[in-house]
């Protein structure tokens, strides 16, 4: 990832926001940080070290070495956040670059939801201390969630067995409720370890067995 591309991404992402509420420094969108900042839980780079640190980071982004692609993305995401090259907007830029790296390796984007943010921030702090496993797990779970929520439902046919979370995406029932139905035997499903699988066809069958008021029709 060339440094000038990184700066251009920051400029495009932050320009409108800074036009309304500029930072207290004289930094412009896309400018590398010229002042010291304090980021809770992270030991960020001092301004004079940012160009050299970014050059090293940039040269390393394309080399997997012996890492799994998800671990590689986690390492470089944490590394960029630790450099903290801009006075503001580092998290947004960093997560966009993270997803770009994932897409390059054939993975869907990792969407970090609001309720996952505390765990994500703890994982970033662990990565800053040299332990990248928690952050890799957070990213892996986010990628898996994207597969289940967006890709599998669109690619799988009606008879294809998919996780209940995939069936729940965009539908009237949540994954937890579908799991209750599966356990009770009201929704046809197959259990593989801790994972319940069902299909769109079986879900439609369950929906068709209910009247519009949500009660099961009487037999006979």
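The table below lists the values:
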item: Pairwise FRET efficiency - residue 13 versus residue 37, Cβ, R0 = 22 Å, nearest 0.05; result: 0.75
item: Cα convex hull of segment 63-105 - mean projected area over all directions, nm²; result: 2.9
item: Most mobile listed residue (99, 90, 204) in the chain, GNM with C-alpha springs under 10 Å; result: 204
item: Compactness of the chain - radius of gyration and Dmax, Cα, Å; result: 22.5, 80
item: Mean Cα-pair separation over length for segment 33-88, i.e. relative contact order, pairs under 8 Å, 6 or more apart, %; result: 54
item: Cα centroid separation, segment 1-27 to segment 33-100 (Å); result: 16
item: Label-to-label distance, nm, for residues given as residue 3 and residue 117 (7 Å Cα→Cβ offset); result: 3.1
item: Cα-Cα P(r), segment 157-208, percent of pairs per 5 Å interval; result: 5, 24, 39, 26, 6, 0
item: Over segment 157-208, relative contact order from alpha-carbon pairs under 8 Å, at least 6 apart, %; result: 45
item: Length gained when the stretch residue 55-residue 160 is fully extended (0.36 nm per residue, less Cα-Cα span); result: 33.1 nm
item: Linear extension gain, residue 131 paired with residue 209, 0.36 nm per residue minus alpha-carbon span; result: 23.0 nm
item: Label-point separation in nm, residue 100 to residue 21, each point 7 Å along Cα→Cβ; result: 2.6
item: For the chain: relative contact order, % (alpha-carbon pairs under 8 angstrom, 6 or more apart); result: 13
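Each value in this text was obtained by applying a stated rule to the coordinates, not by laboratory testing. Quick caveat: nothing in here was measured; it's all calculated off a predicted structure. Note that we place each Cβ from the backbone using ideal geometry, even for glycine, and neighbour counts take in every protein chain shown.
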